[in-house]
1. Let me have the relative contact order for segment 261-410, percent, based on Cα pairs under 8 Å that are six or more residues apart.
2. Could you work out the relative contact order of the chain, using alpha carbon pairs under 8 angstrom and six or more residues apart, expressed as a whole percent?
3. What residue among A363, A243, A40 has the largest mean-square fluctuation in a Gaussian network model of the chain, using Cα springs under 10 Å?
4. What is the local net charge at S171, summed over the other residues whose Cβ is closer than 14 Å to its Cβ (Lys, Arg +1; Asp, Glu -1)?
5. State the Cα centre-to-centre distance between segment 192-210 and segment 1-74 in whole Å.
6. How big is the convex hull of the Cα atoms of the chain, per residue, in Å³?
7. Per-residue ellipticity at 222 nm for the chain, helices alone: DSSP H runs ≥ 4 residues times -39500 (n - 2.57), over residue total, nearest 500 deg cm²/dmol?
8. For segment 300-410, would you read off the P(r) tail past 15 Å as a percentage of all alpha carbon pairs?
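Readers should treat all values here as calculations from the given coordinates under stated rules, not as data from a laboratory. Note that the coordinates shown come from a computational prediction; the quantities given were computed from them, not determined experimentally. Glycine gets a Cβ as well: all are built from the backbone with ideal geometry, and neighbour counts include every protein chain shown.
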Amino acid sequence: MTEKFDVVVVGAGAAGLFCAGLAGQRGLKVLLLDHSEKVAEKIRISGGGRCNFTNRDTTPANFVGENPHFCRSALSRYTPQDFIALLQRYNIAFHEKHKGQLFCDRSAEDVINMLLAECDAGGVTRWQPCHVSGIKHAASLYGTSAGSYQIESDRGLIETPQLVIATGGLSIPKIGATDFGYRIAKQFGLRLVEPRAGLVPLTFDGEAWAPYAQLSGLALPVLIETGSPDASPKQRKKAVVFAEDLLFTHRGLSGPAVLQISSFWRDGQPVRINLAPGVDLSTLLMRAKASSRKLIANELAALVPSRLADAWASSDPAWQKPVSEATDKALNTLADRLADWQLTPNGTEGYKKAEVTLGGVDARDLSSQTMESKQPGLYFIGEVVDVTGWLGGYNFQWAWASGHACAEAL
Ligand code: FDA
């Protein structure tokens, strides 16, 4: 027995739930299915359990992808203000934390419950868990002239003229991430941009990292950028620089600064970190040299966190002395190293720790107006597409905006 729907959405995460609800409310008979037992696990764990559901200041410049203009249309037609208005209709309290990032006051569950209520309002049928074993496109079993998608699942055969893939990326496999979306794209001849982990801690070679491992747990505000040390001044000018907190870990670097830059970092490239932004280290150390008998480490501790000052000063004999006895060259080198610390990661913590997956279904094979692919009736929304937001609520805003663009077109 085959069940027939106007639309089938695969993946009941942020984008799939939102799109299914809107499509149902437009009068379509919608099936939303997901292989996980629990709905929207990623929303549940997001934002430390409070879901940073959007960013008030979202612009296309906050997204990474091979086709930077692709996200423009969807983002302009469904804005952060639209999602805020939806939350307000459900009386969900929220607050702004940092740089436009909006979080629930209570819990991410509020967003999940709202999306489920929107699906209920649209009469959406939800099958969960439901495993899909194959999809083919063929003449309709019901004899209509247009082709249809026939989906084999452990709950039986499903037929639909419109199939929406919202299965996300590869991040956090233990809560249900799979490469399903990429496999379907390939099956129907669509191009893929090589996926890689994004918004992820960076790791360093054990030996090279040993002097810094003692700093594990230290957090401080920094400026961070990435790019080749041989970059031209013009390229350096165009480099993205983030002003955020950095966190030292046993294996490498984390914290918002590093998660942000990880989405721009490429294998073999260094990252460049200013560990004392806004502080003119060189001038202040020279001033100290003229008036103080303290050790360099102690003078430095007034300018940067003391653990960092100790670790830095102990890394070179020229810095292990009273500041009055140090040479100008030694003090200037110390200031330069702290203001432009260059180090080359050997990798990332990978998909088990990454908040997002960069790359995905190539935007050149999708309509930016509707999210429909070159394969008629097949749509891709959310993180499975090669559109990745910065840290700070942008990825959910893309899930809502792409889900909305698709639902309007179904
Ligand atoms: P999402 O991953 O939400 O959903 C995909 C769904 O497809 C899942 O339910 C999955 O089970 C299902 N699926 C996968 N394979 C399937 C298959 N073979 N068959 C059937 N179903 C399948 N972003 C942000 O803006 N603010 C934030 O605060 C955070 N915080 C955050 C924390 C952590 C720890 C992570 C890992 C990620 C974030 N993010 C975030 C990123 C954000 O969660 C992510 O970008 C969106 O959830 C993407 O929404 P999608 O609907 O595209 O995928």
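1. Worked out over segment 261-410, it gives 22 percent.
2. 24 percent
3. With Cα springs under 10 Å in the chain, the top fluctuation among A363, A243, A40 is at A243.
4. Charge balance near S171 sits at 0.
5. 27 Å
6. 143 Å³
7. Value at 222 nm, helices only: -9000 deg cm²/dmol.
8. 74 percent
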